[in-house]
Amino acid sequence: MTLKDTQPGMVVRIDSVGESELKQRLMTMGLLPGTRVEVLNSAPLGDPIAIRLRSYNLAMRRDDAAHIEVSQVKEA
Amino acid sequence: MATLSVALTGNPNTGKSTIFNELTGARQKIGNWPGVTVDKKVGLVEYNGRKISVIDLPGTYSINARSQEEQVVSDYFKQNKPDIVVNIIDAANIARNLFLTIQLMENGIPLILNLNMMDEAERHGIKIDVKKLEDAFGMPVTNTVGRSNKSVRKLLDVFTNAVMTNYKPSALITEHIDRVRNIEHSGLAASQIEEEIISARYDLIDKIMANAVTVNAAGKTLTEKLDSYLANGVSSLVIMVVAFYLMFQIAFNWIGQPLADELGGFFEETLAPAAAEAMESAGVADWMQSLVSDGIITGVGAVLSFVPLIFTLFICLSFLDGTGYMARVAFVMDPIMRRAGLSGKGIMPLIMGFGCGVPAIMGARALDTHKDRMISILVTPFLTCNAKVPIIALFAAMFFPDNIANVVFAMYFVGIVTAIVMAKVLSTTTFKEQQSTFLLELPPYRLPDIKTVLLEAWDKGKGYLIKAGTIIFAMSVLIWFLSSFNSDGMTDEMDQSYLAGIGSTTAAVFAPQGFDTWESGAAVVTGVLAKEAVVSTMGILYGADELSTEDEDIENSAQALLATTMGGAFTPLAAVAFMVFTQLYSPCVTALGTIKKETQSWKWMAFAFFYTCAVAWVASLVVYQGGKLLGFE
């Protein structure tokens with residue numbers, strides 16, 4: 001599954017960050033394999049999403065989140 | 001002793017600007033970095049007899065030159081060797097903040113690490129062992145509570161006493177640098193090298209964190225609880241509308257506008273008569289009296305009286321920005337903005353565009369991509385800025401006295417829809433190749449530092465003052481000259497003036513729109529100099545003196561104008577066409593100048609002028625001819 005398919009309340013661990021124009025920016029912001037990510041909330045139509053990682057909050061679009069493979073650690 | 005040079009660097013949202021403002025107060029100069037549209041802030045401090053010059057580098061997450069800000073920081077360190085570099089770190093967000101720290105150290109820059117907002121970090125269950133952090137880097141670590149004067153003094157003590165050459169990177173850091181050099185020489189593809197290095201940096205961060213930082217996740221933070229309303233689902237939209245409604249109430253009804261009315265009254269009722277009297281008794285020539293009273297005081301006064309309103313609006317916006325709420329507005333608006341080909345962050349400059357296009361165009365520099373910046377700059381002029389409000393207010397009162405509010409609302413709507421449609425058109429044509437992105441940190445909610453809010457508002461608003469002092473001044477003189485002179489010299493017959501000539505030439509273009517009188521032609525021309533001039537030109541040309549655009553007087557003004565030949569010059573349908581045209585056509589010269597400055601291109605400035613005129617011409621044509629087909633007059 002990818003970060004795109006997550007719901008608020010879920011906790012996941014990143015497996016890999018796929019190729020995209022944003023890849024290096026995502027990695028710079030701390031999205032790396034092994035990083036624990038908590039899905040917090042989403043804008044009115046469910047996109048973009050807000051996530052918590054490394055003790056800070058980050059907003060991203062679901063389309064960009066689709067490049068990030070994750071495994072679920074905790075259900076919503 | 002020589003001046004000590006200090007550079008502040010760090011991520012966005014670390015309270016770096018607040019520390020800079022505490023350090024330098026009002027003794028700061030804000031300029032531009034050469035070649036880019038990033039603010040350059042420099043300030044001077046004197047402490048214990050030493051002169052210290054402090055530079056506030058733009059906030060960045062890294063120095064990879066992926067954005068203008070990163071380019072500026074990266075170039076700065078290549079070209080300058082400040083005595084002391086302070087890396088401001090948000091203690092609550094230390095894990096990600098250390099990324100920049102490590103990258104700076106890889107570049108051989110000796111640092112002082114300053115942990116800011118330690119109190120907030122502790123509330124979030126994050127404990128940092130300062131001694132262990134010093135050992136991990138081999139560099140001094142200090143800490144501050146952003147707003148306290150005491151902790152800022154402590155920083156000054158550190159600046160004046162630190163001898164950076166006494167510090168050497170720790171074994172941990174030199175090991176990491178060796179690892180980075182190995183990756184660089186591994187022969188991998190450039191992008192792979194970059195990614196390996198990023199991973200290596202976070203490896204090191206994880207090591208340092210495990211050693212020097214303990215994190216006890218204390219459940220949901222206050223920020224997360226607030227965000228479940230302010231940035232989640234339908235409630236977020238409702239709260240946002242209320243927040244902006246309140247902001248406009250404060251600016252336009254409660255504080256800004258009343259102050260503006262006072263100031264406007266002072267110009268009209270006190271200054272103008274006093275100046276007239278003084279000139280009369282001094283025996284000043286008639287033409288000079290006319291220039292000062294009818295030209296300069298009226299023209300400059302009209303713009304200066306907007307100043308309280310503009311500053312109130314900017315103080316509100318800076319305050320909201322300082323709380324962290326503006327990031328949520330971008331978040332909530334992103335789905336809508338994306339459909340127009342923009343990013344959520346683009347909402348900020350557009351909202352400002354309802355006040356004045358100049359700061360809105362400047363605000364576009366905060367956007368991530370070239371595409372977002374360009375589209376934002378090019379569609380801002382369609383929005384209903386302060387200066388266009390008098391036009392619709394007056395025409396609505398004259399020709400649709402029973403439906404004023406609806407007509408005003410409809411004109412705002414015309415501007416918004418045109419901006420959205422043109423954003424979509426530009427993003428699918430001219431800027432098709434480029435992608436819009438949205439990756440935004442949502443900083444914790446904080447009570448903003450008042451000094452920082454006021455300094456920011458002043459910095460943004462003073463452009464308006466400069467506009468009043470320069471362009472509006474020159475323009476008032478010009479309009480006065482054009483309407484008072486013709487080739488035979490000074491004239492009292494305005495329809496014989498240069499302005500009438502220019503107006504009738506221009507007006508020929510508007511025959512299909514039904515407003516081809518020389519007066520409307522002249523108003524359209526002066527409106528390019530400043531939109532405020534459309535109504536005042538009409539007033540002067542149709543001979544209705546003392547036109548007022550204040551709410552309570554607008555009906556009187558409308559009545560006064562209707563009694564003149566203007567009532568017969570427009571059919572209601574032509575009035576609508578005229579409103580639509582003036583809503584949409586060319587940005588004013590100040591805005592055009594700002595576009596030139598921000599895009600660094602005469603070509604884009606010319607484009608902005610011609611394409612907005614074309615859109616306005618077509619839209620008003622559709623309204624007039626379409627209206628006629630539907631049987632309106």
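The values are calculated or read from the model by the stated rules, or taken from the named source; none is laboratory data. It should be emphasised that the depicted structure is a prediction, and the values quoted were computed from it without experimental measurement. Neighbour counts run over all protein chains shown; Cβ positions are idealised from the backbone, glycine included.
When the criteria are applied in full, residue B:308 fails the requirement of being in a helix (DSSP H, G or I) and within 14 Å of chain A (Cβ to nearest Cβ).
If you go through the stretch B:145-157, how many residues are assigned to a helix (DSSP H, G or I) and either crowded, with 17+ Cβ neighbours inside 10 Å or among the charged types (D, E, K, R) (or both)? Looking only at that region, the number is 8. For the stretch B:417-441, a residue qualifies if it is in a loop (DSSP other than H, G, I, E, B), surrounded by 14 or more Cβ atoms within 10 Å (Cβ to Cβ) and of a type in the set (Ser, Thr, Tyr), and the qualifying residues are B:430, B:436, B:437.
Could you please let me know if residue B:162 is at pLDDT below 95, farther than 30 Å from residue A:57 by Cβ and under 40 Å from the mean Cα position of the chain (by Cα)? So that I can check it myself, show each step before the final result.
Working: at pLDDT below 95: yes; farther than 30 Å from residue A:57 by Cβ: yes; under 40 Å from the mean Cα position of the chain (by Cα): yes.
Taking the combined requirement at face value, the residue satisfies it.
For the stretch B:171-208, residues that are closer than 19 Å to residue B:91 by Cβ, under 38 Å from the mean Cα position of the chain (by Cα) and hydrophobic (A, V, I, L, M, F, W, C) total 1.
Here is a yes/no grid of residues against (1) under 30 Å from residue A:8 (Cα atoms); (2) touching a Leu at 6+ places or on another chain (Cβ under 6 Å); (3) within 12 Å of another protein chain (Cβ to nearest Cβ); (4) without any contact (Cβ under 8 Å) to a residue 12 or more places away in the chain:
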{"position": "B:161", "(1), (2), (3), (4)": "no, no, no, yes"}
{"position": "B:184", "(1), (2), (3), (4)": "no, no, no, no"}
{"position": "B:205", "(1), (2), (3), (4)": "yes, yes, yes, no"}
{"position": "B:223", "(1), (2), (3), (4)": "yes, no, yes, no"}
{"position": "B:240", "(1), (2), (3), (4)": "yes, no, yes, no"}
{"position": "B:245", "(1), (2), (3), (4)": "yes, no, no, yes"}
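Scanning the stretch A:13-22 for residues that are within 9 Å of chain B (Cβ to nearest Cβ) and at pLDDT 95 or above gives a single hit, A:17.
This table checks each residue for (1) of a type in the set (Lys, Arg); (2) in a helix (DSSP H, G or I); (3) farther than 18 Å from residue B:440 by Cβ.
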site	(1), (2), (3)
A:12	no, no, yes
A:20	no, no, no
A:27	no, yes, no
A:32	no, no, yes
A:38	no, no, no
A:41	no, no, no
A:71	no, no, yes
A:76	no, no, yes
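So, in the stretch B:478-499, exactly how many residues are under 15 Å from residue B:289 (Cβ atoms), assigned to a helix (DSSP H, G or I) and in contact with an Asp or Glu (Cβ under 9 Å, 6 or more places away or on another chain)? Give the derivation first.
Initially, the stretch B:478-499 is screened for residues under 15 Å from residue B:289 (Cβ atoms), giving B:480-481, B:484, B:490, B:492.
Going one step further and asking which of them are assigned to a helix (DSSP H, G or I), we end up with B:480-481, B:484.
Of the ones still in play, those that are also in contact with an Asp or Glu (Cβ under 9 Å, 6 or more places away or on another chain) are B:480, B:484.
Result for the stretch B:478-499: 2.
Go through the stretch B:323-367 and tell me which helices (runs of 4 or more DSSP H), entirely inside it, have 2 or more residues that are within 14 Å of residue B:416 (Cβ to Cβ) and either in contact with a Phe, Trp or Tyr (Cβ under 8 Å, 6 or more places away or on another chain) or of a type outside the set (Gly, Ala, Ser) (or both).
Details: elements: B:325-339, B:347-353, B:357-363.
By residue number, B:325-339, B:347-353.
Under the condition of being surrounded by fewer than 22 Cβ atoms within 10 Å (Cβ to Cβ), assigned to a helix (DSSP H, G or I) and at pLDDT 95 or above, the residues counted in the stretch B:105-129 number 1.
Here is the figure for the stretch B:165-183: residues that are in contact with a helix residue (DSSP H, G or I) (Cβ under 9 Å, 6 or more places away or on another chain), modelled with pLDDT under 95 and either part of a helix (DSSP H, G or I) or surrounded by fewer than 16 Cβ atoms within 10 Å (Cβ to Cβ) (or both) total 1. Checking each residue in the stretch B:209-222 for being small (Gly, Ala, Ser), more than 40 Å from the chain's Cα centre (by Cα) and surrounded by 12 or more Cβ atoms within 10 Å (Cβ to Cβ) picks out only B:212.
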